[in-house]
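> One structure follows; several queries about it will come next.
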């Protein structure tokens, strides 16, 4: 499978629901407030279902320790550097600096990478992607949520951490799912049916709501962002041209060109915002989620 064949199916069809939401928002058939309400439902109900389903069925015993340590260690280093950059160079508040640093290490693997990988390879051949999603959910996602809650409360104690878990469905799902996986507790068939049926709605509904929210976002010209975006777009175009030049037989070397471009776009736009965290430029924070997915998934195409 070539890069553009994978782009045509399944990548673009999965992204299309976001564009559909954008059009609905622009046509004022769905308001931004309505989309935010839907998004809260997704984050409160559907995302915990997806996370629990993923963890309880994760092949924990098949994970290799060294890649997990290297992946998590690299994330920790990048997060620390991003936090210091946000605090010392851009003068961001602690909570905002945490979010910006987190945007540098976390891609939307649950809503994009995982379903795309499932469609490309099937359930039996996505162990590396599953491992990344599990690590992102258990380590970085839960860790950042706890840190943000502690910053908002202004103190950290065992009781306050327990309160954070108690009122955060996603964290409860992580604990329950990971515990069941470690103890090798298989979900009963009726429970698995519930998880499959309801979890399938999480990604499309969340992406549809995000498209509507983006339709109400005012994008303004920013010299630094526009300049870096132009550089990255030019480099991606050149890398794709080189993929065409080398041909399918040497596609791996061409895809390495796309990977080399990847981290440059992190300077263009962080991926998301935590509720309640002030961000001065929402158009930067929510505007460019697609680029990072493309080169993150380029590593998957090497196996096709």
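Rule-based calculations on the coordinates, nothing more; no lab input. Remember, it's a predicted structure, so these values are computed and weren't measured experimentally. Neighbour counts are summed over all protein chains in view; Cβ atoms, including those assigned to glycine, are modelled from backbone coordinates with ideal geometry.
> Which value in Å is the Kirkwood Rh of the range 72-205 over different Cα pairs?
Computed over Cα pairs of the range 72-205, the Kirkwood hydrodynamic radius comes out at 16.9 Å.
> Rounded to the nearest 0.05, what FRET efficiency is calculated for residue 119 and residue 85 with R0 set to 41 Å and r the Cβ-Cβ distance?
So, using R0 = 41 Å, E works out to roughly 0.70.
> Also, quick follow-up: Rg over Rh of the range 1-42, using C-alpha atoms and the Kirkwood radius, what does it come to?
1.18
> Just grab the label-to-label distance for residue 23 and residue 194, each label 7 Å out from Cα along the Cβ direction, in nm (one decimal).
Result: 3.7 nm between the two label points.
> Also: What ranking do 2-13, 206-217, 167-178 get when scored by the average of other Cβ atoms within 10 Å per residue, highest first?
206-217, 167-178, 2-13
> Under the Kirkwood approximation applied to all pairs of distinct alpha-carbon atoms, what is the hydrodynamic radius of the range 27-134 in Å?
That comes to 16.5 Å for the range 27-134.
> Taking the mean number of other Cβ atoms within 10 Å as a proxy for protection, how do you rank 139-151, 118-130 from highest to lowest?
Taking the mean over residues of other Cβ atoms within 10 Å, the ranking is 139-151, 118-130.
> With r as the distance between the Cβ atoms of residue 68 and residue 184 and R0 = 22 Å, compute the FRET efficiency 1/(1 + (r/R0)^6) and round to 0.05.
Plugging the Cβ-Cβ distance into 1/(1 + (r/R0)^6) gives 0.70.
> So for the range 132-218, what percent of the C-alpha to C-alpha distances run longer than 18 Å?
So the portion of pairs separated by more than 18 Å is 62 percent.
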